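S.K.: Before I ask anything, let me first share the structure, which is written out below as structure tokens.
The values are calculated or read from the model by the stated rules, or taken from the named source; none is laboratory data. This is a predicted model, so every value here is computed, not measured. Using ideal geometry, Cβ is built from the backbone for each residue, glycine included, and neighbour counts are taken over all protein chains shown.
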Amino acid sequence: MEQTFVMVKPDGVRRGLIGPIIARFEQKGFTLAAIELLRIDRLLAEQHYSDLRTKPFFGELVDYLTSGPVCAMVWQGEHAVENARALIGKTNPVEASTGTIRGDFAMDIAGNIVHGSDSAASAAREIGLFFGKQPVSSHPLDLYASEQGHG
Ligand code: GDP
Ligand code: MG
């Protein structure tokens, strides 16, 4: 079972889109493995997008990511990375198909409301950055049951 890192960016949180975005992932068949609402500092934003640090929009991107709380999540399922990218849609909402999250909820590349890892290696790196080095449980519901004393 593969895991991927997904983040509702500050504009998505501000616009009340955490719920609709979670619904899309649940409806598709993903299982939620971890979730946290947090504020990203500039260092974490720069680390998260380290592959883009030479881009002319990098400063604007870090400003954007640190402009308010984000909702960081780990979703798991078959081909989780590819399925999440398909659900999220193209980077530029102008090009994202209707029916995708960016296609339905966003207008502009500078405010595309959600992030999804682009490969299994990126997913592992990003999950480590946001949720620590310990791997997120691959059996979250079993973990929940045992923590409640039912497992
Ligand atoms: P993603 O994997 O689809 O999110 O796309 P990238 O990894 O290429 O870019 C990461 C993020 O940088 C995008 O989701 C946008 O938030 C932002 N970004 C990409 N291109 C641009 C741009 O031309 N201008 C601005 N302001 N932001 C951009
Ligand atoms: Mg990317």
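S.K.: Look through 119, 67 and report the one residue that is within 14 Å of residue 4 (Cβ to Cβ) and either out of contact with any strand residue (DSSP E or B) (no Cβ under 9 Å at 6 or more places or on another chain) or not acidic (Asp, Glu) (or both).
M.R.: Numbers: 67 fails: within 14 Å of residue 4 (Cβ to Cβ).
Answer to the check: 119.
S.K.: Exactly one condition in (1) within 24 Å of residue 131 (Cβ to Cβ); (2) within 15 Å of ligand 1 (Cβ to nearest atom); (3) of a type outside the set (Val, Ile, Thr) is not met by residue 60; state its number.
M.R.: (1)
S.K.: Then there's this: For the stretch 80-110, how many residues meet the condition of being near ligand 1 (Cβ under 10 Å from one of its atoms) and in a strand (DSSP E or B)?
M.R.: Residues that pass the stated criteria total 1.
S.K.: Within the stretch 140-151, is even one residue modelled with pLDDT under 95, touching a strand residue (DSSP E or B) at 6+ places or on another chain (Cβ under 8 Å) and surrounded by 14 or more Cβ atoms within 10 Å (Cβ to Cβ)? Full working, then the answer.
M.R.: Let us first name the residues in the stretch 140-151 that are modelled with pLDDT under 95, namely 140-151.
In the following step, the residues that additionally are touching a strand residue (DSSP E or B) at 6+ places or on another chain (Cβ under 8 Å) were identified as 140-141.
Narrowing the set further to residues that are surrounded by 14 or more Cβ atoms within 10 Å (Cβ to Cβ) leaves 140.
Yes; the residues of the stretch 140-151 include at least one that is modelled with pLDDT under 95, touching a strand residue (DSSP E or B) at 6+ places or on another chain (Cβ under 8 Å) and surrounded by 14 or more Cβ atoms within 10 Å (Cβ to Cβ).
S.K.: For the stretch 1-30, name all the residues that are in contact (Cβ under 8 Å) with a residue 60 or more places away in the chain and either part of a helix (DSSP H, G or I) or of a type in the set (A, V, I, L, M) (or both).
M.R.: Residues of the stretch 1-30 that are in contact (Cβ under 8 Å) with a residue 60 or more places away in the chain, as a first pass: 1-12, 15, 17, 20-21, 24-25.
Residues satisfying the conditions are 1, 6, 7, 8, 10, 11, 12, 17, 20, 21, 24, 25.
S.K.: Now a separate question. Specify which of the listed residues (4, 54, 100) is of a type in the set (Val, Ile, Thr) and in contact with a Ser or Thr (Cβ under 7 Å, 6 or more places away or on another chain). I'd like the intermediate steps shown before the answer.
M.R.: Values: 54 fails: in contact with a Ser or Thr (Cβ under 7 Å, 6 or more places away or on another chain); 100 fails: in contact with a Ser or Thr (Cβ under 7 Å, 6 or more places away or on another chain).
Only one candidate passes the filter, namely 4.
S.K.: What number of residues within the stretch 29-55 are over 17 Å from residue 117 (Cα atoms) and away from ligand 2 (no atom under 16 Å from the Cβ)?
M.R.: Qualifying residue count for the region: 7.
S.K.: Those residues that are of a type in the set (A, V, I, L, M) and within 17 Å of residue 127 (Cα to Cα), I need them from the stretch 66-89; list them, please. Break it down stepwise before answering.
M.R.: Narrowing the stretch 66-89 to residues of a type in the set (A, V, I, L, M): 70, 72-74, 80-81, 84, 86-88.
Hits for the stretch 66-89 are 70, 72, 73, 74, 80, 81, 84.
S.K.: Name the one entry in 127, 113 that is surrounded by 16 or more Cβ atoms within 10 Å (Cβ to Cβ), of a type in the set (Val, Ile, Thr) and within 11 Å of ligand 1 (Cβ to nearest atom).
M.R.: Numbers: 127 fails: within 11 Å of ligand 1 (Cβ to nearest atom).
Exactly one of 127, 113 is surrounded by 16 or more Cβ atoms within 10 Å (Cβ to Cβ), of a type in the set (Val, Ile, Thr) and within 11 Å of ligand 1 (Cβ to nearest atom), namely 113.
S.K.: Considering only the stretch 66-79, I want to know if a residue exists there that is out of contact with any Pro (no Cβ under 7 Å at 6 or more places or on another chain) and within 12 Å of ligand 1 (Cβ to nearest atom).
M.R.: Of all residues in the stretch 66-79, those out of contact with any Pro (no Cβ under 7 Å at 6 or more places or on another chain) come to 66, 71-79.
Going one step further and asking which of them are within 12 Å of ligand 1 (Cβ to nearest atom), we end up with none.
No, the conditions are met nowhere in the stretch 66-79.
S.K.: State all residues of the stretch 111-127 that are in contact (Cβ under 8 Å) with a residue 40 or more places away in the chain, assigned to a helix (DSSP H, G or I) and within 14 Å of ligand 2 (Cβ to nearest atom); if no residue qualifies, say none.
M.R.: Listed by number, the residues that qualify are 120, 122, 123, 126.
S.K.: What is the residue count in the stretch 31-71 for residues that are acidic (Asp, Glu) and either within 15 Å of the chain's Cα centre (by Cα) or part of a loop (DSSP other than H, G, I, E, B) (or both)?
M.R.: Qualifying residue count for the region: 2.
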